[in-house]
Amino acid sequence: MTLPSNDLTDLHIDTSLTSPKGNAAAQRALDYYLKPNASETPVEERFFDVNPDISAEEALVHASDLLRCAAATAHESASNLNGASRDLAFSTVHMIDMAKAMIDRSLKGLSSV
């Protein structure tokens, strides 16, 4: 039986922390173990989120309903104001009504398909 030789004179291991070769290897190891995979999508927590399974038509119907509620709220608020504030609030009602009309028109286009 032969014992393993401890004669490793040709093997040089650099244990210094200043070796550029060692730094690159260490950086690759840290990157591999500590950085998240590029394919992982970060999970963004939201207070309100849209169901990913909702159809385009359902989303437009819901948006139309939300705009109707926003217009009613803005109109009621504008009724209690005077002067420039009243004009500004009613212009908001007008913009909401225009956005609702565009969504309603999109819904008509979807239902005719």
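Here, each number is a calculation from the coordinates, and none is a lab measurement. Keep in mind it's a predicted model, so treat the numbers as computed, not measured. Don't worry about glycine lacking a Cβ; one is built from the backbone with ideal geometry, like all the others, and counts go over all protein chains shown.
Given the C-alpha atoms of segment 58-107, compute the convex hull and give its volume per residue in Å³. Before the final figure, lay out each step's value.
On the way: hull volume 2.2 nm³, N = 50.
Expressed per residue, the convex hull around the Cα atoms of segment 58-107 is 44 Å³.
Can you give the net charge of the other residues whose Cβ lies under 13 Å from the Cβ of F90, counting K and R as +1 and D and E as -1?
Numbers: positive: R86; negative: E76, D87, D97.
Local charge sum for F90: -2.
So what's the net charge close to M102: Lys and Arg +1, Asp and Glu -1, counting the other residues with Cβ under 14 Å from its Cβ?
Values: positive: R68, K100, R105, K108; negative: D97, D104.
Value of the local net charge: +2.
Out of the trypsin sites (Lys or Arg not before Pro) in segment 26-112, which ones are loop residues according to DSSP with at most 12 other C-beta atoms within 10 Å?
Working: sites: R28, R46, R68, R86, K100, R105, K108; in loops: R46.
Sites meeting the loop and neighbour criteria: R46.
Starting from the Cα of R105, move 7 Å in the Cα-to-Cβ direction to define the label point; list residues of segment 54-77 whose amide nitrogen is under 16 Å from there.
Residues 64 fall inside that zone.
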